[in-house]
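Asks: Sharing a structure with you now.
What follows is calculated from the coordinates using simple rules that are stated; it is not laboratory data. Just so it is clear, the model here is predicted, and its values are computed rather than measured. Cβ atoms come from the backbone with ideal geometry, glycine included; neighbour counts cover every protein chain shown.
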Amino acid sequence: MAQSPITRAAQATPEPLARRIRGLSDRAIAWIFIAPSIFLLLAVNIFPLIWTIRLSFTDYRVNRPNRDIEWVGLQNYRRILTDSDIWQTMQATAHFLIWTIVLQVLIGFALAWLINSKFRSSNFWTTIIVLPMMLSPAVVGNFWTFLYQPQIGLFNHAIAFVTGADPASFSMIGDVALAPWAIVIADTWMWTPFVMLICLAGLRSIPESIYEAAECDRASKWRQFWTLTVPMVLPFLMLAVLFRGIENFKMFDLVVQLTGGGPGNTTELTSINLKREAFEKWRTGYASAYAVILFVTVFGLASIYVKALNRVKDR
Amino acid sequence: MSYSVSDPSRRTKWIAGIAVTLYAVITILPLLWIIATGFKSPADSIAYPPKIFFEPTLEGYVNLFTTRTRVNPEEMAALPEAQTWYEQIVRDQGQIIAGPSRYGERFLNSVIIGFGSTFLCMILGTAAAYAFSRFRVPLKEDLLFFILSTRMMPPIAVAIPIFLMFRNLGLNDTHLGMILLYTAVNLSLSVWLLKGFIDEIPIEYEEAALIDGYTRFQAFIKVVLPQAATGIASTAIFCLIFAWNEYAFAVLLTSGTAQTAPPFIPTIIGVGGKDWPAVAAGASIFLIPVMVFTILLRKHLLRGITFGAVRK
């Protein structure tokens, strides 16, 4: 078969040159494709993080740029860890975290279990239930203050309707005892569907045959639920808790709009407290140390948790 | 229908159906209340007890888009006839239109920053996801984890240096600054989700294209991208929704030119007291597109919110 001059020329071209003509090597493409993303994340996340760590050892204040910056060593950290206000904040955060997770897991799992019975129009209602989760927490939180109004709020009237109490007799966001629950309720309303969706995926991943086998062994429904359903859904549930835990540890928008941390500092979660230190009191160095502590906490807890999660998954 | 042991009885289904429906109705109530309040008059919105049935009015929407001043009845009588229907609505409240409100601008900012960052995020994210999916990248797992971990940082914690950095670069309160920031925030989501979607495309398609003489890059553009179109579209919607909803960075880093709607809506006040119908109108316009997208996305919802960790 006669070869065309072009083919002959192509065969004569040395390999590296030919590759350059054909296109970039896979390795070059890989780096060209990945580098911009990594670069952007370094610039917007890691560089600021390093800067934060540096600032955390100083007494810098953003609102006084001309003042000399002094290195204060670990003083910021020492002050934060011994500050009783911050422990109060941590307690508020813990209360919020624990109760939102408990309620969302219980309600979310129950809903998923009910939906999984595949009653008619279950898909339609699932879509409805899911709606709150994708909305802007700040805008929704702002509107919840309206729902929580003592005289005119829909929430107060709903409670009054169920319990018979006077709707004007209690104020969810004005009362020191109720405000921590006001934020728990709003967050649960918003995020229960998230847990529900993950549980539903878990329930649907359980093969039918397992239940058939259990039925043959004459295991009661109750027993099937505790020895089959729950352990099989557990990894999914733990994943949901991980997501909710991280998100609610960072919680800012919903709560800042709902209560703004008040009354007093009963609902002042760490992010709100940090915002106050950094952008209202302008104690930049101090707030940076605070930010580092928060980040280390969330990262540390998440890593421990992921290890536990993997152990459950492998089992 | 085939018999199945785990298929619940009819009675169980009925009970489950009623319980779930009840929960759904309760959960949707606040959202319906927002939409309804948008069509109430200010007096109806704060009526005691709350009004379920009311005469709908566009007052809230008109108030949302205008700034108004109160005038005396004598001055009002001296004015010429109202030219437009919305002017008439304002006059019926004993006020005149002083000018447009900021809501339009803020909404537009949300659109610009939302779409801008989503676009950038998809370009960067698709490329990185493809590389992570198809090539042997050194330290791949570590890089992927690094990308994910950027999502764990509380926004307020990185806001301090970003605030300083943006100030030095002149990016504070600019569209470009917010677009770059939101791109970075959403990049973890887009890389993780898209990697999952691209992993599902059989590698044989590309190999066939490579044998046919395509370069890698051509194969990526002409074979992989069309195959991943659904995944890219749903990832883009997720990025758009998250950028759309973001509040913490927006409230700290923007105040005027580039302020988005979420920090603005809660600051809406009327003439004398909070104008809840206007707030609700602003919230409705802002939230309803997201509700529509959520319904469209329902098949991919789970995957999106778990960063691709749960598929199905």
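Asks: How do B:L164, B:L79, A:L55 rank when sorted from fewest to most other Cβ atoms within 10 Å of their own Cβ?
Replies: Taking fewest neighbouring Cβ atoms as first place, the list is B:L79, B:L164, A:L55.
Asks: Just the number, please: Stokes-Einstein D of the range B:104-267 in µm²/s, Kirkwood Rh from C-alpha pairs, 20 °C, 1.002 mPa s.
Replies: Once the numbers are plugged in, D ends up at 126 µm²/s.
Asks: Another question about this same structure. Counting helices only, and only those DSSP H runs with n ≥ 4, report the 222 nm mean residue ellipticity of the protein assembly as shown as the sum of -39,500 (n - 2.57) divided by its residues, in deg cm²/dmol to the nearest 500.
Replies: For the protein assembly as shown, the value works out to -21500 deg cm²/dmol.
Asks: Regarding the range A:228-315, what are the three Cα extents along the principal axes, ordered largest first, in Å?
Replies: 53, 27, 16
Asks: Under the rule that an exposed site lies in a DSSP loop and has at most 12 other Cβ atoms within 10 Å, name the longest stretch of chain B with no GluC sites (Glu not before Pro) of that kind, not counting the sites themselves.
Replies: Longest gap between qualifying sites, sites excluded: B:82-199.
Asks: To make sure I understand, if each residue's beta carbon is the centre and we count other beta carbons within 10 Å, what order do B:V90, A:V140 fall in, fewest to most?
Replies: So the ranking, lowest neighbour count to highest, is B:V90, A:V140.
Asks: B:T66's amide H: which non-local residues (gap 5+, or another chain) put their own amide H closer than 5 Å, with H modeled 1.01 Å from N in plane and none for Pro or chain starts?
Replies: Residues meeting the amide H criterion: B:S101.
Asks: Tell me which chymotrypsin sites (Phe, Trp or Tyr not before Pro) from the range A:70-179 have a DSSP coil assignment and no more than 16 other beta carbons within 10 Å of their own.
Replies: Passing sites in the range A:70-179 are A:F170.
Asks: What percent does the relative contact order of chain B come to when contacts are Cα pairs within less than 8 Å and at least six residues apart?
Replies: With pairs under 8 Å counted, the relative contact order is 27 percent.
Asks: Right, next: Please report, in Å, the Rg and the Dmax of the protein assembly as shown, where both are computed over Cα atoms only.
Replies: For the protein assembly as shown, the Cα radius of gyration and maximum Cα-Cα distance read 27.8, 102 Å.
Asks: Going by how many other Cβ atoms sit within 10 Å of their own, how do B:I15, A:I128 line up, fewest first?
Replies: By the 10 Å Cβ count, ascending, the order reads B:I15, A:I128.
Asks: Next question, about the same structure. What's the longest piece of chain B with no exposed chymotrypsin sites (Phe, Trp or Tyr not before Pro), counting a site as exposed if DSSP puts it in a loop and it has at most 11 other beta carbons within 10 Å?
Replies: B:54-312
Asks: What percentage of all Cα-Cα pairs in the range A:82-314 are separated by more than 23 Å?
Replies: When all Cα pairs of the range A:82-314 are counted, 58 percent exceed 23 Å.
Asks: Taking amide H positions as placed in the peptide plane 1.01 Å from N, state which residues far from A:T58 in sequence (5 or more) or on other chains have amide H under 5 Å from it.
Replies: Here A:V72 satisfy the definition.
Asks: Another question, if that's okay. Using the Karplus curve 6.51 cos²θ - 1.76 cosθ + 1.60 with θ = phi - 60°, what ³J(HN,Hα) values do you get for each residue of the range B:99-114, in whole Hz, with x for Gly and Pro?
Replies: x, x, 8, 7, 4, x, 4, 5, 5, 4, 4, 4, 5, 4, 5, x
Asks: Within the P(r) computed for the range B:1-141, what percentage of the Cα pairs occupies the region above 27 Å?
Replies: 60 percent
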